[in-house]
Ligand SMILES: [Zn+2]
């Protein structure tokens, strides 16, 4: 697999990031979203759950946690330069690539008409490095299915046209973040600090912000860059749909 450096520059157009949990977009692709937003891209996030299981606090309820985490995600997105976050409010930890989820993602694709869709890898495991989170796998699978062929073909979920007047839409490019087999490297040297700032909004999820910042700087370091000019990167598996 070729691992090419990015070739495009300038405005990438309309972008829809589709993820499972609040904090996924910032964690998996925050440097790239910040970079694209600075270049003038119009970015929306679609988050399938509101992360309502992500707390060890015995006094926390799922309803309250969902509200707090939606608020954290809106602040994080704003820090990246992303203007809109849509929540589907599926149950955290129980996401499955159902037709219902595919329909809901398809609807937002037809509504927002993105040139680029960013999502997670639907693979079950990452070589011998670990097991993929079932929610991450589910959102990746449902999103790819929504992009192709569902959103493209009119008779799929015809109620979108009938009830809301939404037209079909062809997505140009899919970027898979956290990919097993990345094919594209994006230079995020100029935007990694903004990514770290956005992650600071996720107070319920990150207990040690300094350690998080250090981890992000370490994880994003291009091992081939000279120590005096450290280069930060994010990598994606890219599928061209045109
Ligand atoms: Zn997640």
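Just so it is clear, none of the values below were taken in a lab; they were calculated from the coordinates. A quick note: this is a predicted structure, and the numbers were derived from the prediction, not measured. Note that we place each Cβ from the backbone using ideal geometry, even for glycine, and neighbour counts take in every protein chain shown.
Plainly put, segment 82-148 has a radius of gyration that is 0.99 times its Kirkwood radius, both from alpha-carbon atoms, as the Rg/Rh ratio. Note on the chain: GNM, Cα springs under 10 Å; of 50, 207, 198, the largest mean-square fluctuation is that of 207.
Fewest-first ordering of 35, 113, 203 by other beta carbons within 10 Å of each residue's beta carbon gives 203, 113, 35. With the largest listed first and rounded to whole Å, the semi-axes of the equivalent ellipsoid of segment 159-242 from the Cα gyration tensor are 33, 21, 10.
In what sequence do 158, 176, 233 fall when counting other Cβ within 10 Å, fewest first?
Going from sparsest to densest Cβ surroundings: 158, 233, 176.
Relative contact order for the chain: 26 percent, from Cα pairs under 8 Å spaced at least 6 residues apart, divided by residue count. Direction-averaged projected area, Cα convex hull, segment 12-56: 3.3 nm², rounded to one decimal. Debye-formula intensities of segment 6-128, expressed as log10 I(q)/I(0) at q = 0.17 Å⁻¹, are -0.90 (one equal scatterer per alpha-carbon, no solvent). May I have the pair-distance distribution P(r) for the chain, computed from all Cα-Cα distances with 10 Å bins from 0 and rounded to whole percent? Taking every Cα pair in the chain, the percentages come to 8, 31, 38, 18, 4, 0. Rg/Rh for segment 97-235 (Cα atoms only, Rh after Kirkwood) is 1.05. Computed from the C-beta positions of residue 126 and residue 161 and an R0 of 35 Å, the FRET efficiency is 0.35 to the nearest 0.05. The order of 208, 115, going from fewest to most other C-beta atoms within 10 Å of their C-beta, is 208, 115.
How big is Rg to Rh over segment 33-85, alpha-carbon atoms, Rh as the Kirkwood inverse-mean-distance radius? If you can, show how the numbers build up before the last one.
On the way: Rg = 13.4 Å, Rh = 12.2 Å.
Using only Cα positions, Rg/Rh for segment 33-85 is 1.10.
Measuring nothing but how far apart in sequence close Cα pairs (under 8 Å, 6+ apart) lie, relative to its length, segment 176-242 scores a relative contact order of 59 percent.
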